Every structure is written in structure tokens, then in C-alpha cells.
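Student: Here it is, the structure in full.
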Amino acid sequence: MTHRLSDNEREALARDGYVLREGVFTRDEVREIVDACEQLVTGLVDGRQSTRYHVGSYTFDPDQLTGCTIKWEGDTDVVHGIEPFAHLSPELEKWAYDPRLIDPSIDFVGDPEPALFTEKLNLKRPHHGGPNPFHQDHPYWVGVADDPLRVVTAMLFLDDASLENGTLEVIPGSHTSGEWPRRTDADFFGRFEMDPAAAEGKPTVPIEVEAGAVVFFGALLVHKSNPNTSDRDRRALLYSYQPKGFTHMLDVVRRGT
């Protein structure tokens, strides 16, 4: 069985910049993945003492021992995200190469054997999960990825996602305009974020789906997510793929330490 993109999905990709598939993973599979994610988070943060850096809209905590970066919810001890992480969890690395994620990625990256570029676990805890402002992935990846335009992200929803708990929101067709204007009123990292005025008045589409859905999108799609104001988690696993043989983000991180 192949999971390659259909003709209709290819048309949607060209028009909208993303492809959404619902019901890709079963509830049982999602529970298994969630357990592995929560074990990873617990192992990284239990008893952790480290230095945090407030840059742009985020609070980062680079872990030189493991090569991953923990993103915190401000000055709290609530984790917002972890990247990259596959080298720390064989279970989660195994899921990254599931054909339901790999096969569609072939059509994005133009390679018959897509490989990981990076992996990100986003955690929006109830009433704690903060916003991710409008941005494109491309500015963050220039100089890091061998070719950011040949990177696709497969975002697997680990919880039922709605506007209330801060689901992903996209601007359809935004990928056709190259890089959008960026902030000039922030620190170095904050300047990778989009100028909020550039997105003002642009219609967004919320990706409101049940757990197990996957949305695929490239580096130029404009997207954001609002805070989680609900009593439910909104967790998501993001695997970003590139052509085989290209440099993984972990290698870039380790060269810089």
C-alpha cells in the first residue's frame, strides 16, 4: 500500500501550501506515542538546573550534554517544546519512519528516501501553553538546513485540537509569496518572526482535528497558534524531512558547541 499524495492533494499543496490527512494514526497508536513523548520530557527535565535565555517570544534552554534545546513557558517550569530529540528516543525515531509519514514526504522533498532534518515536540499544557506567533520556518532554517525549500514538516496531532486549546492556524497560499516581512523591533532571534502587520487582515484557517491527524507543510507556509485556554493538552509531534544525505540539525548543533 502506498501513502503517496493523490492528484487532489497535489493540487491542494500547490494552491494552499499544505495537505491535511485525518485519521492517519489510531487512538491506540497515539496513546503509545504520547507515552514515549511524556517519558522523554520527564527524563530531560526532572531535577534540571540550567541557564535559560529569553530571545524573541521564547525562553530557550540549550542542553549541551544531549544536544537538544528545551523551550520553557517563560520563567515557569512548564515545558513548551523540545528539539531535536529522535537521538534520545529510539521509540520516537521509529515512528518517524512510518510509511504514513515518509511516503507523502517523498512528494514534498523530491527524494525517494526522505530522512529527518529535525524533530520537535510541542506541548501546550492546559492554561499554560503559550502562543507561537505568526512565522515561517524558512528564516530559522537558512544556514542550518542544506536546502530549506526541500524540507517538509509532518505535524502529528497527539490530542484533539481546537481553537480553544491553541491549534495550528495557517494562511492558505502564503507559501507562494516567498519570505514575508519580518520584525525589526526585536533581538536577533526575534527578527526571525514575522512582522504582525504583514498578516493583519489575512484570513487564517484553523486546523481543528481529532488526535491522529497529520498536516504536511513546507518551510514557507505562514502559520501560528494561540494560547491554550482550555482544560486539555494540545500536544503535537513535528517530524521535518529532507533528502537523504543532507545534514541533520543535531550535527549542526554539535559543530557549534
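The values are calculated or read from the model by the stated rules, or taken from the named source; none is laboratory data. Because the structure is predicted, anything quoted here is derived from the model rather than measured. Here the Cβ is made from the backbone with ideal geometry for all residues, glycine too, and neighbour counts use every protein chain on show.
Student: Pick from region 158-200 the residues that are under 16 Å from the mean Cα position of the chain (by Cα) and modelled with pLDDT under 95: which of them is surrounded by the most Cβ atoms within 10 Å (Cβ to Cβ)?
Tutor: Filtering region 158-200 for residues that are under 16 Å from the mean Cα position of the chain (by Cα) and modelled with pLDDT under 95, the one surrounded by the most Cβ atoms within 10 Å (Cβ to Cβ) comes out as Glu193.
Student: Can you tell me which residue within region 82-97, out of those that are in contact (Cβ under 8 Å) with a residue 24 or more places away in the chain and not in a helix (DSSP H, G or I), is nearest to Thr118 (Cα to Cα)?
Tutor: Pro84
Student: Here is a follow-up. Specify which of the listed residues (Arg15, Arg4) is among the charged types (D, E, K, R), surrounded by fewer than 15 Cβ atoms within 10 Å (Cβ to Cβ) and either farther than 22 Å from Val215 by Cβ or in contact with a helix residue (DSSP H, G or I) (Cβ under 7 Å, 6 or more places away or on another chain) (or both).
Tutor: So the residue among Arg15, Arg4 that is among the charged types (D, E, K, R), surrounded by fewer than 15 Cβ atoms within 10 Å (Cβ to Cβ) and either farther than 22 Å from Val215 by Cβ or in contact with a helix residue (DSSP H, G or I) (Cβ under 7 Å, 6 or more places away or on another chain) (or both) is Arg4.
Student: Sort out which residues of region 138-157 are surrounded by fewer than 22 Cβ atoms within 10 Å (Cβ to Cβ) and part of a loop (DSSP other than H, G, I, E, B), and write them in order of number.
Tutor: Of everything in region 138-157, those that are surrounded by fewer than 22 Cβ atoms within 10 Å (Cβ to Cβ) and part of a loop (DSSP other than H, G, I, E, B) turn out to be Gly143, Val144, Asp146, Asp147.
Student: If you don't mind, there's one more thing I want to ask. Out of curiosity, is Pro126 in contact with a helix residue (DSSP H, G or I) (Cβ under 8 Å, 6 or more places away or on another chain), in a loop (DSSP other than H, G, I, E, B), surrounded by fewer than 16 Cβ atoms within 10 Å (Cβ to Cβ) and at pLDDT 95 or above?
Tutor: The answer is no for Pro126.
Student: Of everything in region 224-257, what is under 17 Å from Glu119 (Cβ atoms), of a type in the set (D, E, K, R) and in contact (Cβ under 8 Å) with a residue 40 or more places away in the chain? Give them in sequence order.
Tutor: Arg235, Lys244, Arg254
Student: While we're here: If we keep just the residues of region 83-127 that are touching a Ser or Thr at 6+ places or on another chain (Cβ under 9 Å) and aliphatic (A, V, I, L, M), which is farthest from Ser225 (Cα to Cα)?
Tutor: Leu88
Student: Here's something else I'd like to know. Note down all Cβ pairs under 6 Å where the first residue falls in region 17-38 and is touching a residue at least 40 places away in the same chain (Cβ under 8 Å) and under 14 Å from Ala154 (Cβ atoms), the second is among the basic types (Lys, Arg) and surrounded by fewer than 20 Cβ atoms within 10 Å (Cβ to Cβ), and they're at least six residues apart or on different chains.
Tutor: Val24/Arg100
Student: Something else now. Any residue at all in region 14-27 that is among the small types (Gly, Ala, Ser) and touching a Phe, Trp or Tyr at 6+ places or on another chain (Cβ under 7 Å)?
Tutor: Scanning region 14-27 turns up at least one residue that is among the small types (Gly, Ala, Ser) and touching a Phe, Trp or Tyr at 6+ places or on another chain (Cβ under 7 Å).
Student: Related question: Looking at region 75-106 only, could you name the residues that are under 21 Å from Thr247 (Cα atoms), touching a helix residue (DSSP H, G or I) at 6+ places or on another chain (Cβ under 7 Å) and of a type in the set (D, E, K, R)?
Tutor: Glu93
Student: Identify, by number, the condition in (1) modelled with pLDDT under 95; (2) on the phi < 0 side of the Ramachandran plot that Val151 doesn't meet.
Tutor: Every listed condition holds for Val151 apart from (1).
Student: Considering only region 90-109, state which residues are over 15 Å from His3 (Cα atoms) and surrounded by fewer than 18 Cβ atoms within 10 Å (Cβ to Cβ).
Tutor: Those that are over 15 Å from His3 (Cα atoms) and surrounded by fewer than 18 Cβ atoms within 10 Å (Cβ to Cβ): Pro90, Glu91, Glu93, Lys94.
Student: Is it the case that Asp75 is under 18 Å from the mean Cα position of the chain (by Cα) and surrounded by fewer than 21 Cβ atoms within 10 Å (Cβ to Cβ)?
Tutor: no
Student: Quick one: which strands (runs of 3 or more DSSP E) sit completely within region 8-64 and have at least 1 residues that are of a type in the set (S, T, N, Q)?
Tutor: Qualifying strands (runs of 3 or more DSSP E): 58-63.
Student: What pairs can you find where one residue is in region 183-204 and farther than 19 Å from Leu221 by Cβ, the other is charged (D, E, K, R) and not in a loop (DSSP other than H, G, I, E, B), and their Cβ atoms are less than 7 Å apart, with a gap of 6+ or different chains?
Tutor: Here the result reads Thr184/Arg191; Arg191/Arg182, each pair linking region 183-204 to a residue that is charged (D, E, K, R) and not in a loop (DSSP other than H, G, I, E, B).
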